[in-house]
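Structure incoming, see below.
The values are calculated or read from the model by the stated rules, or taken from the named source; none is laboratory data. Since the model is a prediction, treat every value here as computed from it, not as a measurement. Glycine gets a Cβ as well: all are built from the backbone with ideal geometry, and neighbour counts include every protein chain shown. The accessibility values were calculated without ligands, DNA or RNA, using every heavy atom of the protein model including side chains. Shrake-Rupley method; radii C 1.70, N 1.55, O 1.52, S 1.80 Å.
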Amino acid sequence: MSSNQDEQIGTTPSVIDNAASAAATAETAVNAAFAETVATAATVQAAATAAEPPAVEQAPEITDRDIKTARGRAHALSVTKELHRPGASDEVAIRFDHVTKTYNLYRNDLSRFLGLLGVKRKRAGFLGTVNANDDLSFEIKKGEAVAFLGLNGAGKSTALKMITGVVYPTKGQIEVNGRVSALLELSAGFDGHLTGRENIRLRGQIIGLSEEDLAEIEPKAVEFADLGVYIDQPMRSYSSGMRARLGFALAVSIHPEILVVDEALSVGDRAFKKKCIARIREIMMDEDVTVLFVTHSTTTAQEFCSRGIVLDHGKKQFDGSMEDAMDYYTKHF
(Lines give C-alpha, C1' and ligand atoms only; values in the text may rest on other atoms or scores of the structure.)
Protein backbone atom coordinates (compact mmCIF):
# COMPACT_ATOMS: atom_id res chain seq x y z
CA MET A 1 0.00 0.00 0.00
CA SER A 2 1.35 3.37 -0.97
CA SER A 3 1.95 6.25 1.38
CA ASN A 4 -0.84 8.30 -0.26
CA GLN A 5 -3.39 5.62 0.51
CA ASP A 6 -2.22 5.52 4.13
CA GLU A 7 -2.73 9.26 4.47
CA GLN A 8 -6.28 9.03 3.09
CA ILE A 9 -7.16 6.23 5.52
CA GLY A 10 -5.67 8.17 8.41
CA THR A 11 -7.73 11.22 7.69
CA THR A 12 -11.12 9.37 7.50
CA PRO A 13 -11.84 9.27 11.29
CA SER A 14 -11.33 13.03 11.59
CA VAL A 15 -13.87 13.76 8.87
CA ILE A 16 -16.40 11.44 10.48
CA ASP A 17 -15.97 13.10 13.85
CA ASN A 18 -16.52 16.55 12.37
CA ALA A 19 -19.69 15.42 10.63
CA ALA A 20 -21.07 13.88 13.83
CA SER A 21 -20.39 17.04 15.79
CA ALA A 22 -22.16 19.16 13.18
CA ALA A 23 -25.16 16.83 13.24
CA ALA A 24 -25.40 17.04 17.04
CA THR A 25 -25.25 20.81 16.94
CA ALA A 26 -28.04 20.93 14.35
CA GLU A 27 -30.22 18.59 16.40
CA THR A 28 -29.77 20.77 19.48
CA ALA A 29 -30.80 23.86 17.53
CA VAL A 30 -33.89 22.08 16.18
CA ASN A 31 -34.91 20.95 19.68
CA ALA A 32 -34.47 24.48 21.02
CA ALA A 33 -36.54 25.94 18.21
CA PHE A 34 -39.29 23.36 18.79
CA ALA A 35 -39.35 24.09 22.51
CA GLU A 36 -39.58 27.83 21.81
CA THR A 37 -42.43 27.23 19.37
CA VAL A 38 -44.34 25.16 21.92
CA ALA A 39 -43.83 27.82 24.61
CA THR A 40 -45.03 30.55 22.27
CA ALA A 41 -48.12 28.53 21.36
CA ALA A 42 -48.91 27.98 25.04
CA THR A 43 -48.56 31.70 25.75
CA VAL A 44 -50.87 32.60 22.87
CA GLN A 45 -53.45 30.06 24.01
CA ALA A 46 -53.33 31.36 27.60
CA ALA A 47 -53.79 34.93 26.40
CA ALA A 48 -56.72 33.92 24.24
CA THR A 49 -58.34 32.08 27.15
CA ALA A 50 -57.92 35.09 29.43
CA ALA A 51 -59.48 37.37 26.80
CA GLU A 52 -62.60 35.21 26.59
CA PRO A 53 -65.50 36.58 28.68
CA PRO A 54 -66.39 34.52 31.73
CA ALA A 55 -69.34 32.23 31.48
CA VAL A 56 -72.53 33.99 32.52
CA GLU A 57 -75.30 32.15 34.28
CA GLN A 58 -78.64 32.43 32.58
CA ALA A 59 -80.73 35.08 34.34
CA PRO A 60 -84.27 34.21 35.42
CA GLU A 61 -87.00 35.29 33.08
CA ILE A 62 -88.37 38.79 33.82
CA THR A 63 -92.04 39.35 33.12
CA ASP A 64 -93.74 42.56 32.02
CA ARG A 65 -95.34 42.77 35.45
CA ASP A 66 -91.91 42.73 37.13
CA ILE A 67 -90.73 45.54 34.86
CA LYS A 68 -93.82 47.68 35.54
CA THR A 69 -93.52 47.11 39.30
CA ALA A 70 -89.84 48.03 39.34
CA ARG A 71 -90.43 51.14 37.24
CA GLY A 72 -93.34 52.20 39.43
CA ARG A 73 -91.36 51.85 42.65
CA ALA A 74 -88.31 53.60 41.21
CA HIS A 75 -90.46 56.47 39.97
CA ALA A 76 -92.31 56.77 43.26
CA LEU A 77 -89.10 56.75 45.28
CA SER A 78 -87.51 59.37 43.04
CA VAL A 79 -90.60 61.57 43.26
CA THR A 80 -90.72 61.16 47.03
CA LYS A 81 -87.08 62.25 47.36
CA GLU A 82 -87.75 65.19 45.09
CA LEU A 83 -90.91 66.27 46.89
CA HIS A 84 -89.99 65.77 50.51
CA ARG A 85 -86.30 65.99 51.23
CA PRO A 86 -84.99 63.66 53.96
CA GLY A 87 -83.82 64.91 57.30
CA ALA A 88 -86.88 65.67 59.40
CA SER A 89 -86.44 67.90 62.41
CA ASP A 90 -85.94 66.48 65.89
CA GLU A 91 -88.86 68.63 67.01
CA VAL A 92 -92.04 66.65 67.65
CA ALA A 93 -95.04 67.74 65.59
CA ILE A 94 -97.52 65.07 66.73
CA ARG A 95 -97.43 62.55 69.55
CA PHE A 96 -100.01 59.89 70.46
CA ASP A 97 -99.49 58.35 73.90
CA HIS A 98 -101.67 55.24 74.45
CA VAL A 99 -104.69 56.89 72.85
CA THR A 100 -108.05 55.14 72.79
CA LYS A 101 -111.21 56.50 71.19
CA THR A 102 -114.38 54.68 72.19
CA TYR A 103 -117.76 55.16 70.55
CA ASN A 104 -121.07 54.13 72.10
CA LEU A 105 -123.48 52.45 69.69
CA TYR A 106 -127.24 52.97 69.92
CA ARG A 107 -130.22 51.63 68.08
CA ASN A 108 -131.76 55.06 67.34
CA ASP A 109 -131.68 58.75 68.26
CA LEU A 110 -133.89 58.25 71.30
CA SER A 111 -131.48 55.64 72.64
CA ARG A 112 -128.60 58.03 71.98
CA PHE A 113 -130.40 60.77 73.92
CA LEU A 114 -130.95 58.40 76.83
CA GLY A 115 -127.26 57.55 76.65
CA LEU A 116 -126.41 61.22 77.17
CA LEU A 117 -128.48 61.06 80.34
CA GLY A 118 -126.48 58.06 81.51
CA VAL A 119 -128.99 55.37 80.56
CA LYS A 120 -126.96 52.60 78.88
CA ARG A 121 -129.12 49.52 78.94
CA LYS A 122 -129.76 47.06 76.18
CA ARG A 123 -133.49 47.34 76.54
CA ALA A 124 -133.10 51.13 76.17
CA GLY A 125 -131.38 50.65 72.81
CA PHE A 126 -127.74 50.59 73.90
CA LEU A 127 -125.85 48.20 71.63
CA GLY A 128 -122.38 48.35 73.14
CA THR A 129 -119.07 50.10 72.46
CA VAL A 130 -116.36 49.97 69.82
CA ASN A 131 -112.79 51.24 69.98
CA ALA A 132 -112.07 53.14 66.79
CA ASN A 133 -108.51 53.63 68.06
CA ASP A 134 -107.19 51.20 70.64
CA ASP A 135 -104.07 52.04 72.71
CA LEU A 136 -102.51 53.85 69.77
CA SER A 137 -99.00 55.31 70.22
CA PHE A 138 -96.68 56.95 67.69
CA GLU A 139 -94.53 60.04 67.26
CA ILE A 140 -94.18 62.16 64.13
CA LYS A 141 -91.34 64.63 63.72
CA LYS A 142 -91.66 68.05 62.16
CA GLY A 143 -91.20 67.79 58.40
CA GLU A 144 -92.10 64.10 58.05
CA ALA A 145 -94.54 62.83 55.43
CA VAL A 146 -96.48 59.89 56.88
CA ALA A 147 -99.15 57.72 55.27
CA PHE A 148 -101.81 55.88 57.26
CA LEU A 149 -102.77 52.61 55.59
CA GLY A 150 -105.58 50.22 56.46
CA LEU A 151 -108.92 48.84 55.44
CA ASN A 152 -112.21 50.64 56.01
CA GLY A 153 -112.87 50.86 59.74
CA ALA A 154 -109.18 50.53 60.66
CA GLY A 155 -109.24 53.84 62.55
CA LYS A 156 -107.27 56.04 60.13
CA SER A 157 -109.77 58.88 59.83
CA THR A 158 -110.53 58.82 63.56
CA ALA A 159 -106.84 59.35 64.34
CA LEU A 160 -106.69 62.30 61.94
CA LYS A 161 -109.89 63.81 63.38
CA MET A 162 -108.34 63.74 66.85
CA ILE A 163 -105.26 65.49 65.47
CA THR A 164 -107.43 68.24 63.99
CA GLY A 165 -109.52 68.55 67.18
CA VAL A 166 -112.80 67.44 65.59
CA VAL A 167 -113.11 64.66 68.19
CA TYR A 168 -111.26 63.99 71.43
CA PRO A 169 -109.70 60.83 72.85
CA THR A 170 -111.48 58.76 75.46
CA LYS A 171 -108.16 57.81 77.05
CA GLY A 172 -104.54 58.80 76.50
CA GLN A 173 -102.76 61.99 75.55
CA ILE A 174 -102.37 63.76 72.19
CA GLU A 175 -99.79 66.47 71.53
CA VAL A 176 -100.05 68.62 68.39
CA ASN A 177 -97.55 71.42 67.74
CA GLY A 178 -98.38 73.67 64.80
CA ARG A 179 -101.23 75.09 62.73
CA VAL A 180 -103.28 72.24 61.25
CA SER A 181 -104.94 72.39 57.85
CA ALA A 182 -107.26 69.44 57.25
CA LEU A 183 -108.48 68.08 53.95
CA LEU A 184 -111.03 65.80 55.57
CA GLU A 185 -114.68 66.61 54.90
CA LEU A 186 -114.08 69.43 52.46
CA SER A 187 -117.67 70.58 52.06
CA ALA A 188 -118.51 70.49 55.77
CA GLY A 189 -118.86 73.63 57.86
CA PHE A 190 -120.03 76.01 55.14
CA ASP A 191 -123.09 78.22 55.58
CA GLY A 192 -125.41 77.82 52.60
CA HIS A 193 -126.83 81.31 53.03
CA LEU A 194 -123.42 82.97 52.69
CA THR A 195 -121.48 83.41 49.48
CA GLY A 196 -118.32 81.47 48.77
CA ARG A 197 -116.18 84.53 49.51
CA GLU A 198 -117.99 85.13 52.81
CA ASN A 199 -117.53 81.49 53.78
CA ILE A 200 -113.79 81.80 53.25
CA ARG A 201 -113.70 84.59 55.81
CA LEU A 202 -116.02 82.71 58.16
CA ARG A 203 -113.89 79.56 58.09
CA GLY A 204 -110.74 81.62 58.48
CA GLN A 205 -112.09 83.31 61.59
CA ILE A 206 -113.15 79.97 63.06
CA ILE A 207 -109.61 78.60 62.81
CA GLY A 208 -108.19 81.78 64.32
CA LEU A 209 -106.78 83.68 61.36
CA SER A 210 -106.20 87.41 61.77
CA GLU A 211 -107.65 90.02 59.42
CA GLU A 212 -104.20 90.44 57.90
CA ASP A 213 -103.97 86.71 57.21
CA LEU A 214 -107.47 86.67 55.74
CA ALA A 215 -106.64 89.57 53.43
CA GLU A 216 -103.70 87.55 52.09
CA ILE A 217 -105.42 84.19 51.89
CA GLU A 218 -108.78 85.16 50.38
CA PRO A 219 -107.57 86.07 46.85
CA LYS A 220 -105.38 82.95 46.74
CA ALA A 221 -108.30 80.69 47.69
CA VAL A 222 -110.62 82.38 45.21
CA GLU A 223 -108.09 81.99 42.41
CA PHE A 224 -107.36 78.35 43.23
CA ALA A 225 -111.05 77.37 43.50
CA ASP A 226 -111.68 78.95 40.08
CA LEU A 227 -115.47 79.14 40.57
CA GLY A 228 -115.91 82.24 38.41
CA VAL A 229 -118.98 84.34 39.21
CA TYR A 230 -120.26 81.66 41.60
CA ILE A 231 -117.75 82.77 44.24
CA ASP A 232 -120.14 85.65 45.07
CA GLN A 233 -123.28 83.51 44.99
CA PRO A 234 -124.89 81.77 48.01
CA MET A 235 -123.37 78.36 48.58
CA ARG A 236 -126.80 76.71 48.59
CA SER A 237 -126.60 77.03 44.80
CA TYR A 238 -123.26 75.14 44.67
CA SER A 239 -122.92 71.53 43.62
CA SER A 240 -121.09 69.13 45.94
CA GLY A 241 -118.04 69.33 43.70
CA MET A 242 -117.98 73.13 43.85
CA ARG A 243 -118.19 73.08 47.66
CA ALA A 244 -115.35 70.59 47.81
CA ARG A 245 -113.25 72.73 45.48
CA LEU A 246 -113.71 75.76 47.71
CA GLY A 247 -112.89 73.72 50.82
CA PHE A 248 -109.70 72.38 49.24
CA ALA A 249 -108.69 75.84 48.01
CA LEU A 250 -109.03 77.29 51.50
CA ALA A 251 -107.18 74.42 53.18
CA VAL A 252 -104.12 74.67 50.92
CA SER A 253 -103.97 78.47 51.04
CA ILE A 254 -103.48 79.04 54.78
CA HIS A 255 -99.77 78.10 54.93
CA PRO A 256 -100.23 75.05 57.16
CA GLU A 257 -97.57 73.65 59.47
CA ILE A 258 -99.38 70.30 59.56
CA LEU A 259 -101.32 69.20 56.48
CA VAL A 260 -103.86 66.40 56.96
CA VAL A 261 -105.14 64.77 53.77
CA ASP A 262 -107.89 62.14 53.86
CA GLU A 263 -108.75 60.83 50.37
CA ALA A 264 -109.20 64.43 49.19
CA LEU A 265 -107.34 64.02 45.92
CA SER A 266 -110.46 62.70 44.19
CA VAL A 267 -111.95 66.20 44.28
CA GLY A 268 -113.41 67.63 41.08
CA ASP A 269 -112.60 66.81 37.48
CA ARG A 270 -109.32 65.56 36.08
CA ALA A 271 -107.85 69.02 35.52
CA PHE A 272 -108.66 70.18 39.06
CA LYS A 273 -107.34 66.93 40.54
CA LYS A 274 -104.06 67.51 38.72
CA LYS A 275 -104.01 71.03 40.12
CA CYS A 276 -104.59 69.71 43.66
CA ILE A 277 -101.75 67.21 43.40
CA ALA A 278 -99.40 69.90 42.12
CA ARG A 279 -100.31 72.15 45.05
CA ILE A 280 -99.70 69.38 47.60
CA ARG A 281 -96.32 68.71 46.02
CA GLU A 282 -95.52 72.39 46.31
CA ILE A 283 -96.44 72.35 50.01
CA MET A 284 -94.31 69.25 50.60
CA MET A 285 -91.25 70.97 49.17
CA ASP A 286 -91.20 72.95 52.41
CA GLU A 287 -89.29 70.85 54.96
CA ASP A 288 -91.14 72.56 57.82
CA VAL A 289 -94.53 71.14 56.79
CA THR A 290 -95.63 67.86 58.34
CA VAL A 291 -97.91 65.82 56.07
CA LEU A 292 -100.35 63.12 57.19
CA PHE A 293 -101.92 61.22 54.32
CA VAL A 294 -104.76 58.69 54.36
CA THR A 295 -105.51 56.68 51.25
CA HIS A 296 -106.37 53.18 50.05
CA SER A 297 -104.03 53.62 47.07
CA THR A 298 -100.53 52.44 47.95
CA THR A 299 -99.19 53.99 44.75
CA THR A 300 -100.45 57.44 45.74
CA ALA A 301 -99.16 56.99 49.29
CA GLN A 302 -95.70 56.02 48.06
CA GLU A 303 -95.62 59.03 45.76
CA PHE A 304 -96.15 61.49 48.59
CA CYS A 305 -94.82 59.84 51.76
CA SER A 306 -91.57 58.43 53.12
CA ARG A 307 -93.03 56.62 56.15
CA GLY A 308 -96.07 54.40 56.58
CA ILE A 309 -98.20 53.37 59.57
CA VAL A 310 -100.54 50.39 59.08
CA LEU A 311 -103.67 50.24 61.26
CA ASP A 312 -106.13 47.40 61.77
CA HIS A 313 -109.17 47.56 64.08
CA GLY A 314 -107.76 50.66 65.72
CA LYS A 315 -104.39 49.12 66.58
CA LYS A 316 -100.99 49.89 65.06
CA GLN A 317 -99.72 46.86 63.18
CA PHE A 318 -96.64 48.29 61.45
CA ASP A 319 -94.58 51.49 61.47
CA GLY A 320 -91.61 51.90 59.14
CA SER A 321 -90.40 53.08 55.74
CA MET A 322 -93.02 53.59 53.05
CA GLU A 323 -91.74 50.72 50.93
CA ASP A 324 -91.75 48.28 53.86
CA ALA A 325 -95.19 49.50 54.93
CA MET A 326 -96.51 48.88 51.42
CA ASP A 327 -95.08 45.37 51.41
CA TYR A 328 -96.65 44.65 54.81
CA TYR A 329 -100.02 46.07 53.79
CA THR A 330 -100.07 44.20 50.48
CA LYS A 331 -99.07 40.93 52.15
CA HIS A 332 -101.53 41.04 55.07
CA PHE A 333 -104.47 42.91 53.57
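Can you pull out the residues in segment 83-134 that are at pLDDT 90 or above, under 30 Å from E282 (Cβ atoms) and not hydrophobic (A, V, I, L, M, F, W, C)?
R95
I want to confirm something. Restricting to segment 190-214 and keeping residues that are without any contact (Cβ under 8 Å) to a residue 24 or more places away in the chain and either outside any helix (DSSP H, G or I) or β-branched (V, I, T) (or both), which single residue is nearest to R245 (Cα to Cα)?
Selected residue: I206.
Further question on the same structure: Tell me whether segment 198-208 contains one or more residues that are of a type in the set (V, I, T), at pLDDT below 90 and more than 33 Å from the chain's Cα centre (by Cα).
yes
Condition first: open to solvent by 60 Å² or more (accessible area, probe 1.4 Å) and either touching an Asp or Glu at 6+ places or on another chain (Cβ under 6 Å) or among the charged types (D, E, K, R) (or both). Now tell me which residues in segment 92-131 satisfy that.
Hits for segment 92-131 are R95, D97, H98, R107, D109, R112, K120, R121, K122, R123.
Hey, another quick one. Would you check if there is a residue in segment 190-202 being farther than 23 Å from V261 by Cβ, of a type in the set (D, E) and open to solvent by less than 70 Å² (accessible area, probe 1.4 Å)?
Yes, that holds for at least one residue.
Restricting attention to segment 229-240, report how many residues are free of Cβ contacts under 8 Å to residues at least 12 places away in the same chain and either open to solvent by less than 10 Å² (accessible area, probe 1.4 Å) or closer than 17 Å to L184 by Cβ (or both).
0
Let me ask something additional. So which residues in segment 155-182 are under 25 Å from Q317 (Cβ atoms), outside any loop (DSSP other than H, G, I, E, B), touching a residue at least 40 places away in the same chain (Cβ under 8 Å) and not β-branched (V, I, T)?
The answer is K156, S157, A159, L160, M162, K171, G172, Q173, E175, A182.
Under 7 Å between Cβ atoms, at least 6 apart or on separate chains: pull out the pairs that start in segment 241-256 with a residue that is closer than 14 Å to R203 by Cα and end on any residue that is part of a loop (DSSP other than H, G, I, E, B) and among the charged types (D, E, K, R).
Every condition considered, no pair remains.
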